[in-house]
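Below is one structure; the comments refer to it alone.
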Amino acid sequence: MSMSQLLLTKVENAFAFAQYQVRALTEREIAQDIATRAAAEAADFFQLLRVGTRLWMDAALDPDVSRIVLLDAPSVLGFDEWREIVARHGLGLIAGGLGEAMEAGAIARQPVMPLAHVITGALDAAALYVADADDPVAARKEMDPVLERLIDTLRA
């Protein structure tokens, strides 16, 4: 490998690492913002999940969020790395809320992590549906009742 190829490889690796850090930071900031805002508005677990879901769908309407976090990140970082970021920042919040809801009897007891993965997957798929739609606002309106029904199915 020539010196210029080696230098180019190092620059490409540094750029890829910088992109990873930006995306991880963005995902963490979005998750923290949603959690904080939802907690301020919600009185119980189901309201918390509804508000958090609404805020996540709002984020999907933001062109920067949809492009960076939802559309570019999986292809730039690779699906596995993107899922790791999602798991690190969103999955834990959902799992914690589910565990507390099960303790309170609001949700039937079941394994928390598989349920958290299913909910996270559904919310990410919903956000991708909205972000990638020709008309994201219309797609969001279509998705809202679907997510409401999904949340209602969790009741004990």
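Between D152 and A104, what is the spin-label point distance in nm, taking each point 7 Å from the Cα along the Cα→C-beta axis?
2.0 nm
Just check region 97-137 against the gyration tensor rule for me: Cα atoms, a ≥ b ≥ c as the square roots of the eigenvalues, rounded for a/c under 1.5, and otherwise prolate or oblate depending on whether a/b exceeds b/c.
Since a/c reaches 1.5 and a/b is larger than b/c, the shape of region 97-137 is classed as prolate.
Can you pull the Kirkwood radius for region 23-152, inverse mean 1/r over Cα pairs, to one decimal in Å? Intermediate values should be presented prior to the final figure.
Numbers: mean 1/r = 0.0671 Å⁻¹.
Evaluated over region 23-152, this radius sits at 14.9 Å.
Normalising by the residue count of region 23-152, find the relative contact order in percent from Cα pairs under 8 Å and 6+ residues apart.
Answer for region 23-152 is 30 percent.
If packing is taken as the average count of other Cβ atoms within 10 Å, what order do 144-155, 85-96 fall into, highest mean first? Mind showing how you got there, number by number?
On the way: 144-155: 12.9, 85-96: 18.2.
Per-residue mean Cβ counts within 10 Å order the peptides as 85-96, 144-155.
FYI, it's all coordinate maths here, none of it is from the lab. Predicted model only: the values in this text are computed from it and were never measured. FYI the Cβ positions are ideal-geometry reconstructions off the backbone, even for glycines, and counts take in every protein chain you see.
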